[in-house]
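*Asks:* Let me give you the structure first, and then I'll get to my questions.
The values are calculated or read from the model by the stated rules, or taken from the named source; none is laboratory data. The structure displayed is predicted, hence computed values, not measured ones. Every residue, glycine among them, receives a Cβ derived from its backbone with ideal geometry; neighbour counts consider all protein chains shown. Just the protein is used for accessible areas: all its heavy atoms, side chains included, with ligands, DNA and RNA removed. Shrake-Rupley method; radii C 1.70, N 1.55, O 1.52, S 1.80 Å.
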Amino acid sequence: MVYRSWRMISAAVVTILLLLNFGAAQFAPNYTFMHEATEAPRVSFFDYIVIGGGTAGIPIATTLSANYSVLLLERGGSPYNDANITSVTNIFRYLLDTSPESPSQQFIVEGVVNSRPRVLGGGTSINGGFYSRGEEQFNTEAKLADADLIEESYQWIEERLVYELPLDNWQSALKAGLLEAGVTPDNGYTFDHLIGTKVGGSIFDQNGTRHTAANLLQDANPEGLALYLHATVHKVLFKCKGLSKPKAYGVVFEDSLGKKHVAYLKGRAKDEIILAAGSLGSPQLLILSGIGPKDQLDALNISVVLEQPFVGQDMADNPQNVLFVPAPIVVQPSILQVVGITPFGSYIEEAGGFNFIFANLSVYQGFTYEKGGFIFEKINGPLSKGELKIVNCNPADNPSLTFNYFSEPEDLRKCVDGISTILRTINTEAFSSYKFANMTDQDILDLNMKLPYNLIPHGNTSTSLEQYCKDTVRTIWHYHGGCHIGQVVDDDYKVIGVDSLRVIDGSTLLNSPGTNPQASVLMLGRYMGVTILGQRLAGEKPYTDW
């Protein structure tokens with residue numbers, strides 16, 4: 001209660017400040033444990049080494065630091081003091097920054113422009129902010145059996161990062177339109193994944209300030225945590241001689257000046273390295289460290305630690321398809337809050353009144369994004385899969401990827417049903433104020449065929465909804481896989497076939513949970529941090545000589 005009261009007082013103060021200077025960058029907390037990797041010692045020793053300061057890595061490191069020494073290595077910089085990251089008025093602008101210092105690293109797969117985070121906070125620093133828990137299926141697939149700990153972990157995240165925002169008129173009209181179109185029932189404001197139409201939470205607060213996973217570090221033990229930024233891990237080190245199976249014992253990382261550092265585990269039985277580098281970074285680092293398909297290791301002269309053909313396999317990216325709907329009146333800029341969860345596996349979401357695709361005004365065919373909104377759908381799953389392969393030994397470079405969008409007919413059917421649901425929604429009486437009465441479905445589809453949603457060559461008119469889905473496919477940045485649970489890691493997220501190494505992040509997911517995976521991955525990080533900590537404390541006295 002004291003915590004919540006203090007947060008309300010703090011929010012009131014911030015409101016006054018932002019009224020004077022809206023859109024200003026969020027100032028960095030006084031993290032005494034956060035430093036540039038150039039300041040790291042050449043050699044260091046820890047109980048735990050966590051690779052990746054993102055959605056899963058931060059709650060893991062924060063939790064473990066309560067009783068043990070933890071090294072957290074992040075390849076990017078700080079999200080603080082950067083209004084492009086922290087202010088909602090600049091949302092997605094960082095996706096246009098293709099410089100080496102950008103918080104997002106662009107990659108292109110099958111004509112679809114995508115990005116991976118390169119910043120403390122991971123995806124929570126560059127996403128759309130929507131917060132909604134995954135379905136029960138996720139808990140089962142992720143082998144999370146403790147229902148109480150799942151709930152406690154979600155609540156731990158939500159108390160620190162999540163806010164309820166008011167709906168504007170366009171969002172309210174869309175919500176009513178979804179209900180009128182049959183996406184029922186009305187589930188109101190809820191974090192739960194429920195069939196029907198709902199309003200979810202946001203990691204943006206009422207003043208438009210983003211609250212990333214980096215904010216969770218305020219709960220870290222400053223005496224137990226060392227965090228280095230711009231620390232690019234090159235490989236995990238393994239001992240093999242005289243052991244029944246390889247054992248991870250350290251990592252090599254490089255700072256921004258190109259100098260190498262080595263961090264070792266202290267050598268006790270339960271010391272561990274935890275990979276939380278994301279769906280691209282974790283399988284990439286496993287292969288660079290000698291764990292992966294033998295043909296890739298041999299091709300790049302990487303010493304084989306463990307032949308593991310499943311590393312990099314079953315990569316998937318949930319396709320997003322969009323309809324820009326012009327309006328006869330101005331639409332207030334808004335970020336995703338309303339979602340329609342259909343029973344057939346399509347999720348209808350929204351973003352109104354701003355240039356969501358950052359296109360030149362001329363492509364809007366005489367309309368403007370200020371008078372209109374983007375309504376998009378994401379399919380669940382998906383069933384279509386691809387693979388990840390590394391192309392060189394530089395961990396800063398993107399690996400080679402395939403996702404095979406819509407290669408499975410079921411994925412295409414869900415998209416068609418989702419677009420059909422959007423078209424029904426915008427033709428409802430509830431949404432009529434935000435659609436030109438004389439615009440037909442074909443008019444809207446043809447308009448959208450002319451918008452630069454991807455790099456795939458296609459015609460300017462829509463011949464079928466199936467073709468529309470294929471021609472206008474985009475990413476919703478929910479790619480996952482490459483280190484699947486049951487194939488690369490066991491039910492405790494330990495890498496199968498080696499000791500002292502786990503992978504805990506989106507690369508282990510079989511399907512993308514819910515409408516947005518960030519809630520589930522944040523929860524997973526906290527859940528596994530508490531689980532690892534509890535198991536270790538039950539078996540030994542904490543070592544406190546840091």
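*Asks:* Hey, among Val113, Val43, Val50, which residue is open to solvent by 40 Å² or more (accessible area, probe 1.4 Å), in contact (Cβ under 8 Å) with a residue 12 or more places away in the chain and over 30 Å from Phe356 (Cα atoms)? Full working, then the answer.
*Replies:* On the way: Val113 fails: over 30 Å from Phe356 (Cα atoms); Val50 fails: open to solvent by 40 Å² or more (accessible area, probe 1.4 Å).
Step by step, each of Val113, Val43, Val50 is checked, and only Val43 is open to solvent by 40 Å² or more (accessible area, probe 1.4 Å), in contact (Cβ under 8 Å) with a residue 12 or more places away in the chain and over 30 Å from Phe356 (Cα atoms).
*Asks:* Can you confirm whether Ala359 is at pLDDT below 95 and under 26 Å from Thr440 (Cβ atoms)? Steps first, please.
*Replies:* Values: at pLDDT below 95: yes; under 26 Å from Thr440 (Cβ atoms): yes.
Considered against the rule, which asks whether it is at pLDDT below 95 and under 26 Å from Thr440 (Cβ atoms), Ala359 comes out as yes.
*Asks:* Considering Ala519, Ala430, which residue is assigned to a loop (DSSP other than H, G, I, E, B), hydrophobic (A, V, I, L, M, F, W, C) and within 26 Å of Ser132 (Cβ to Cβ)? Steps first, please.
*Replies:* On the way: Ala519 fails: assigned to a loop (DSSP other than H, G, I, E, B).
Just a single option satisfies the conditions, and that option is Ala430.
*Asks:* Right, another one. In the range 369-410, which residue that is hydroxyl-bearing (Ser, Thr, Tyr) and open to solvent by 10 Å² or more (accessible area, probe 1.4 Å) is modelled with the lowest pLDDT? It would help to see each step written out before you state the result.
*Replies:* Applying the first criterion (hydroxyl-bearing (Ser, Thr, Tyr)) to the range 369-410 yields 369, 384, 400, 402, 405, 407.
So of that shortlist, the ones also open to solvent by 10 Å² or more (accessible area, probe 1.4 Å) come out as 369, 400, 402, 405, 407.
On the way: Tyr369: 94, Ser400: 98, Thr402: 98, Tyr405: 98, Ser407: 98.
Here the residue is Tyr369.
Yes or no, residue by residue, for (1) in contact with a strand residue (DSSP E or B) (Cβ under 9 Å, 6 or more places away or on another chain); (2) more than 22 Å from Ser507 (Cβ to Cβ):
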site	(1), (2)
Pro293	yes, no
Leu297	yes, no
Leu300	no, no
Glu307	yes, no
Asn318	yes, no
Val330	no, yes
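Residue-wise test of (1) in contact with a strand residue (DSSP E or B) (Cβ under 6 Å, 6 or more places away or on another chain); (2) of a type outside the set (Phe, Trp, Tyr).
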residue	(1), (2)
Asn84	no, yes
Val88	yes, yes
Tyr94	yes, no
Glu101	no, yes
Ser104	yes, yes
Phe107	yes, no
Glu110	no, yes
Ser115	yes, yes
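*Asks:* Here is a further query. Scan the strands (runs of 3 or more DSSP E) fully inside the range 181-294 and keep the ones with 2 or more residues being open to solvent by 10 Å² or more (accessible area, probe 1.4 Å) and in contact (Cβ under 8 Å) with a residue 40 or more places away in the chain. Give the derivation first.
*Replies:* Numbers: elements: 186-189, 196-199, 225-229, 232-239, 247-254, 260-265, 272-275.
Of the strands (runs of 3 or more DSSP E) lying wholly inside the range 181-294, those with at least 2 residues that are open to solvent by 10 Å² or more (accessible area, probe 1.4 Å) and in contact (Cβ under 8 Å) with a residue 40 or more places away in the chain span 225-229, 232-239, 247-254, 260-265.
*Asks:* Here's another thing I want to ask about it. Out of the range 454-477, which residues are in contact (Cβ under 8 Å) with a residue 60 or more places away in the chain and under 15 Å from Gly418 (Cβ atoms)?
*Replies:* Tyr468, Cys469, Lys470, Thr472, Val473, Arg474, Ile476
*Asks:* Oh, and also: Could you list, in sequence order, the residues of the range 306-326 that are open to solvent by less than 20 Å² (accessible area, probe 1.4 Å) and closer than 23 Å to Lys378 by Cβ? Even if it seems obvious, please write down each step before you answer.
*Replies:* Keep residues of the range 306-326 that are open to solvent by less than 20 Å² (accessible area, probe 1.4 Å), which gives 308, 311-312, 315-326.
Selection gives Met315, Ala316, Asp317, Asn318, Pro319, Gln320, Asn321, Val322, Leu323, Phe324, Val325, Pro326.
*Asks:* Identify, from the list Lys470, Lys414, the residue that is open to solvent by 60 Å² or more (accessible area, probe 1.4 Å), among the basic types (Lys, Arg), assigned to a helix (DSSP H, G or I) and under 27 Å from Val338 (Cα atoms).
*Replies:* Details: Lys414 fails: open to solvent by 60 Å² or more (accessible area, probe 1.4 Å).
Every option except Lys470 fails the conditions.
*Asks:* Can you run down the residue pairs with Cβ atoms below 7 Å, 6 or more apart or on separate chains, where the first is in the range 397-425 and under 20 Å from Gln105 (Cβ atoms) and the partner is open to solvent by 30 Å² or more (accessible area, probe 1.4 Å) and not in a loop (DSSP other than H, G, I, E, B)?
*Replies:* Every condition considered, the pairs that remain are Pro399/Lys389; Ser400/Lys389; Thr402/Glu387.
*Asks:* Which one of the conditions (1) under 22 Å from Gln171 (Cβ atoms); (2) open to solvent by less than 70 Å² (accessible area, probe 1.4 Å); (3) of a type in the set (A, V, I, L, M, F, W, C); (4) in contact with a helix residue (DSSP H, G or I) (Cβ under 8 Å, 6 or more places away or on another chain) does Trp477 fail to meet, given that it meets all the rest?
*Replies:* (2)
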